[in-house]
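K.L.:
Take this structure, written in structure tokens, and hold onto it; I'll ask about it next.
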Amino acid sequence: MGKEVTFDYSKTAGFISAEEVKNMKAGVECAKEVLTSRTGAGNDFLGWIDLPVDYDKDEFARIKKAAAKIQSDSDVLLVIGIGGSYLGAKAVAEAMGDSFAALRPRKEPVVVFAGQNLSEEYTYELLDAVKDHSIAAIVISKSGTTTEPAVAFRIVKAEIERRYGKAGAAERIVAITDRARGALKTLADNEGYATFVIPDDVGGRFSVLTPVGLLPLAAAGVDIEALVRGAEEMERATGEQVAFAENPAAVYATVRNALYEAGKK
């Protein structure tokens, strides 16, 4: 077990009363029941709730193997995606990384992001910056047709193929996409890329504990086994049977909503 996570809201006493928190508690508990019972709107996208314990162990092993290969042959990893397809990995990497890593020797590849904008200047500067470095790419898209990552991937794919040839590119490009359909899945199968699955019931912004987040993070040197283990501990700490006062997520949600209702936005 890691260090216990608690939530101290004592400093909010001057802004909200205990009565206001008590009044908000019922609403939060009701919301939690709707969430855990999967009866509310959007319940077909709640696969993230069980990700810390209910994940594909074989695919997890493949993620670690693919990350090790990227680490062995690339100085720079280009992660191509937009929105939740890259922000989760970026946030975790920054939170768990060294703010001054660029000044220190490193063995893992530098992870950079593309496909989150349509700036030709950004893309030009990216390709110029990596011209003297060995590169690999992870492209993340359920459909493969979202404009920004599709454009960036086309450019990056051409650069990797120019350097390493078609066969070599197939060893350096990984696709994270739909299980069975879509433009990217079709391309990946045709080109022979390694592929990983974006679960149907997990939305992009909740996907950091799927291959969407785990593969870039593992390649960057993050201990993804410890990451998932920590998520599992938090799932237990905030589970259905945990008393309200001992559930840091429920208490946090209650206090935040009470502050919001009090005009502290």
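The values are calculated or read from the model by the stated rules, or taken from the named source; none is laboratory data. Keep in mind that what you see is a predicted model, and the values were worked out from it rather than measured. With ideal geometry, Cβ positions are generated from the backbone for all residues, glycine too; neighbour counts draw on all protein chains shown. Accessible surface areas use protein heavy atoms only, side chains included; no ligands, DNA or RNA. Shrake-Rupley method; radii C 1.70, N 1.55, O 1.52, S 1.80 Å.
K.L.:
Counting every Cα pair in region 173-265, what percent are over 23 Å apart?
P.N.:
Working: 2092 of 4278 pairs.
Distances greater than 23 Å cover 49 percent of the Cα pairs.
K.L.:
Ok, one more. In the structure displayed, which of 32/64; 22/265; 142/265 lie more than 31 Å apart, Cα to Cα?
P.N.:
32/64; 142/265
K.L.:
Mean residue ellipticity at 222 nm from the helices of the chain, using -39,500 (n - 2.57) per DSSP H segment of n ≥ 4 over the full residue count, to the nearest 500 deg cm²/dmol?
P.N.:
Values: 9 runs with 130 residues, N = 265.
Calculated mean residue ellipticity at 222 nm is -16000 deg cm²/dmol.
K.L.:
Hey, another quick one. So what does the Cα-only Debye profile of region 109-172 read at q = 0.21, 0.22, 0.27, 0.29 Å⁻¹, as log10 I(q)/I(0), no solvent term?
P.N.:
Each listed q corresponds, in turn, to -0.90, -0.98, -1.36, -1.45.
K.L.:
How much net charge surrounds residue 20 when only other residues with a Cβ under 13 Å from its Cβ are counted (Lys, Arg +1; Asp, Glu -1)?
P.N.:
Details: positive: 22, 25, 256, 264; negative: 19, 261.
Its environment carries a net charge of +2.
K.L.:
Could you give the accessible area per residue of region 1-122, probe 1.4 Å, as a whole number in Å²?
P.N.:
On the way: 8040 Å² over 122 residues.
Here the residues of region 1-122 average 66 Å² of exposed surface.
K.L.:
Follow-up. Given a 1.4 Å probe and every protein chain left where it sits, what share in percent of the accessible area of region 144-265 is carbon and sulfur? Could the numbers behind the result be given before it?
P.N.:
Working: 3000 of 6080 Å².
Within region 144-265, the accessible surface is 49 percent carbon and sulfur.
K.L.:
At 1.4 Å probe size, with every protein chain present, just tell me what the per residue accessible area of region 134-265 comes to in Å².
P.N.:
On the way: 6250 Å² over 132 residues.
Spelled out: the 1.4 Å probe surface of region 134-265, per residue, equals 47 Å².
K.L.:
Which of 32, 142, 22 moves most in a GNM of the chain, Cα contacts under 10 Å?
P.N.:
Greatest mean-square fluctuation among the candidates belongs to 22.
K.L.:
Efficiency by 1/(1 + (r/R0)^6): what FRET value for residue 72 and residue 30, r their Cβ-Cβ distance, R0 = 45 Å, to the nearest 0.05?
P.N.:
Calculated transfer efficiency: 0.30.
K.L.:
Regarding region 31-131, what is the average projected area of its C-alpha convex hull, in nm²? Before the final figure, lay out the partial values.
P.N.:
Values: hull surface 38.3 nm².
Orientation-averaged projected area of the Cα hull: 9.6 nm².
K.L.:
Quantify, in whole percent, the carbon and sulfur part of the accessible surface of region 1-89 (1.4 Å probe; protein heavy atoms only). Let's see the in-between values first.
P.N.:
Working: 3160 of 5570 Å².
Ligands and nucleic acids excluded, carbon and sulfur reach 57 percent.
K.L.:
A follow-up question, please. Please report, in cubic angstrom per residue, the volume enclosed by the convex hull of the alpha-carbon atoms of the chain.
P.N.:
Working: hull volume 43.9 nm³, N = 265.
Enclosed volume per residue, from the Cα hull, is 166 Å³.
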